[in-house]
Amino acid sequence: MSNDVNPYQSPNFVPPQVHAAWSAAARRRVVPFASAHGLAVFAMIMIGIVCLASLALLISCFLQIELIDKARHGHRITQQEAFANDARHALFVFVRALAYIVSGIVFLIWFYKVYRNLPSLGAAQTEHSPGWAVGWWFIPIAGLIVPCQIAKEIWKGSHPDNLAVRSKAALVGSPLVTAWWTFWLIMIVIGTYSAFSRPNMKSLDQIVAANWAGIFAMAATLPAGVLAVLFVAKVDSNQTRRYERCLRQEAGDEQADFDDAPVRTGPSVGNDGASFAPPASRPPMATGGGENIDDWLGKL
């Protein structure tokens, strides 16, 4: 009799050294599915507020350019008009900045949770840990590229039609993520230029140029925000549908396992006296990209 596998032991038994490795992989990769629907709704609301604040700031930039043009053409600008313009613009900048920070925090928490759900949804082994799915956003240069790749991974790992797909090349993707990320990069680049150029403004031409940069940045924010809302809504819906499909598939596999299990007696009966199917005839256990018990036993 082999020292590695006891043929009289229940198939549910895992040798201690194997159990330690398998459970470590499970703890690292598989967390029970937890819906992030509430966070998704909150994130979409906050992104919508950012879009509204950006639209208001865009209009404020136009009004500011109009006020400067009046001064250029010899119209006298009263102190009250100047103060009103500055107060309006500062208010919209503050509201947008606050909404942007809050929406960013909520979005990243949601991003973390949906990425953490991928293994429990039967997705292949993820490329990053949930923590690094968020951490990459804060890495210079890489933060402009890697989060987009992770967003595409979330999309593909959440899509219910990809549940039965085994080839990464055949996974269903979407141009939505690329379009969203393109507008977001435009917003970041132009907005950064506008923000850093304002402290060095010394002429009316420079002020006008900074305001036009702000207008283009806010204009890019609107489609980026709309596409971000669509991304959040679709991923949230897809994860719910995929989870339900996983449950139905699991229930079907368990029923098939029960129906197909041969009745065994004698030493092949489990500890509780019930008959069971041998490991080779049982469907593999999903471990989110990690190896299942049957794979471990097959290597012994």
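Every number here is computed from the coordinates shown, using simple stated rules; none is lab data. Keep in mind that what you see is a predicted model, and the values were worked out from it rather than measured. Every residue, glycine among them, receives a Cβ derived from its backbone with ideal geometry; neighbour counts consider all protein chains shown.
State the number of lysine pairs found in the stretch 37-246 whose Cα atoms come within less than 14 Å, restricting to pairs 8 or more positions apart or on distinct chains.
Qualifying lysine pairs in the stretch 37-246: 4.
Take the stretch 156-221, drop everything but the C-alpha atoms, weight them equally and run the Debye formula without solvent; then report log10 I(q)/I(0) at 0.13, 0.22 Å⁻¹ to two decimals.
-0.53, -0.85
With charges set only on the Cβ (+1 for Lys and Arg, -1 for Asp and Glu), what does the dipole of the stretch 37-246 come to about its Cα centre, in debye to the nearest 20?
340
Please list 66-79, 177-190, 211-224, 126-139 highest first by mean number of surrounding beta-carbon atoms within 10 Å per residue.
The densest-packed peptide leads the list: 211-224, 177-190, 126-139, 66-79.
Percent of Cα-Cα pairs more than 20 Å apart in the stretch 37-246, please. Please list the in-between numbers first.
On the way: 13589 of 21945 pairs.
Taking all Cα-Cα pairs of the stretch 37-246, the fraction more than 20 Å apart is 62 percent.
Based on the Cβ-Cβ distance from ALA97 to ASP205, what FRET efficiency comes out when R0 is 25 Å, to the nearest 0.05? Kindly include the intermediate steps, with their values, before the conclusion.
On the way: r = 26 Å, r/R0 = 1.04.
That gives a FRET efficiency of 0.45.
Using the number of other C-beta atoms within 10 angstrom as an exposure proxy, rank LYS202, LYS156, LYS168, LYS113 with the fewest first. Provide the component values of the computation, followed by the final result.
Numbers: LYS202 7, LYS156 21, LYS168 10, LYS113 18.
Fewest to most other Cβ atoms nearby, the residues stand as LYS202, LYS168, LYS113, LYS156.
Is the shape of the stretch 130-171 rounded, prolate or oblate, going by the alpha carbon gyration tensor and its root eigenvalues a ≥ b ≥ c, with a/c under 1.5 for rounded and a/b larger than b/c for prolate?
Prolate, since a/c reaches 1.5 and a/b exceeds b/c.
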